[in-house]
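The next block holds one structure in the form of structure tokens; read it before the comments.
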Amino acid sequence: MTRVLEPTQTDATIPADPTIGFRRRVAAIALPTAFAVHLATNSMYAWISTSSGLSDSASTAEMLKMFALFPTQTLVGTLLAQIGCLLAILGLPAALRVLRPAKPRLALWAVSLTLLAYVCYFGILFTNYDIVALATSQVDAAAALAASPAQAWSAPFYLLFAVGNLAGTLLLGLAIILGGRRVGVPWWAGLLVIGWTFGHVVNIVGGGEWFAVAGGALEVAGLVLVASAVLRLSNAGWRSRG
């Protein structure tokens, strides 16, 4: 019995994809836009925190007081942050495609960790809607929230967000520094991206929220350079890196 092999497709026989250029451009635009939206959210939060002296990462009672004083700003910031998460999910794979030929493993780890972080963050942000409702009501919610078993169940997602947000961004910056020149991205764009990790760590250890805002601004500038490399790719080059 003779076995007949099906002919394999080559680049010449693969049907043309009329959406490939559109998808490339949208991903390129989404990449820096996602983090520009987060920058706007972080700026709003920094203003609220510094003007009130309150923080949502301190005690539960302080978080409720902060949300009660600024409910509209908190809800707007939450909505913007969720939009930024969705745009990050759309745009981060573009960075992977650009960096893959130069640093495939490092780029994969960096983008995967950062993507996981913002998927987790999207879900975490939903808690703000209920907390604002509790903060603006007349009930004493601080003790109930502090004792809630939900804190333990959600902890792994907070941890994954923290690791991906800081380490993922750091790895992405390193991937750009080590391989970006070979794929059309200036090496120092990686330093700008790492600005977010540095600024956020300084904020965490007590430097203040505006360090995180400054780091976010540097990150956006670095990602604009990555996005420019995406826009310069041909459609064939984009497809070959997928």
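The values are calculated or read from the model by the stated rules, or taken from the named source; none is laboratory data. These numbers were taken from a predicted model, which means no experiment stands behind them. Cβ sites come from the backbone with ideal geometry, for glycine too, and all protein chains shown count toward neighbours. For the accessible areas, the whole protein counts, side chains as well, though only heavy atoms, and no ligand, DNA or RNA atoms are used. Shrake-Rupley method; radii C 1.70, N 1.55, O 1.52, S 1.80 Å.
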What about Ala68, is it at pLDDT 90 or above and small (Gly, Ala, Ser)? yes
Would you please name the residue that is modelled with the lowest pLDDT, looking only at residues in the range 105-137 that are open to solvent by 30 Å² or more (accessible area, probe 1.4 Å), of a type in the set (Gly, Ala, Ser) and assigned to a helix (DSSP H, G or I)? Ala133
Just to be sure before I move on: is Ala217 open to solvent by 10 Å² or more (accessible area, probe 1.4 Å), free of Cβ contacts under 8 Å to residues at least 12 places away in the same chain and assigned to a helix (DSSP H, G or I) in the structure I sent? no
Taking the range 184-196 as the search range and keeping residues that are open to solvent by less than 20 Å² (accessible area, probe 1.4 Å) and of a type outside the set (Gly, Ala, Ser), which one is farthest from the chain's Cα centre (by Cα)? Val185
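Within the bounds of the range 157-164, is there any residue that is in a helix (DSSP H, G or I) and touching a residue at least 60 places away in the same chain (Cβ under 8 Å)? Lay out the reasoning, then the answer.
Of the range 157-164, the ones in a helix (DSSP H, G or I) are 157-164.
Next, only the ones that are touching a residue at least 60 places away in the same chain (Cβ under 8 Å) stay: none.
No; the residues of the range 157-164 include none that is in a helix (DSSP H, G or I) and touching a residue at least 60 places away in the same chain (Cβ under 8 Å).
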Inter-residue pairs, beta-carbon under 8 Å, first within 11 Å of Ala30 (Cβ to Cβ) and in the range 72-101, second among the polar types (S, T, N, Q) and part of a helix (DSSP H, G or I), 6+ apart: Gly84/Thr41; Leu87/Thr33; Ala88/Thr114; Gly91/Thr33; Leu92/Thr114
Has the range 59-70 got any residue that is open to solvent by 20 Å² or more (accessible area, probe 1.4 Å), closer than 29 Å to Ala30 by Cβ and either hydrophobic (A, V, I, L, M, F, W, C) or in a helix (DSSP H, G or I) (or both)? yes
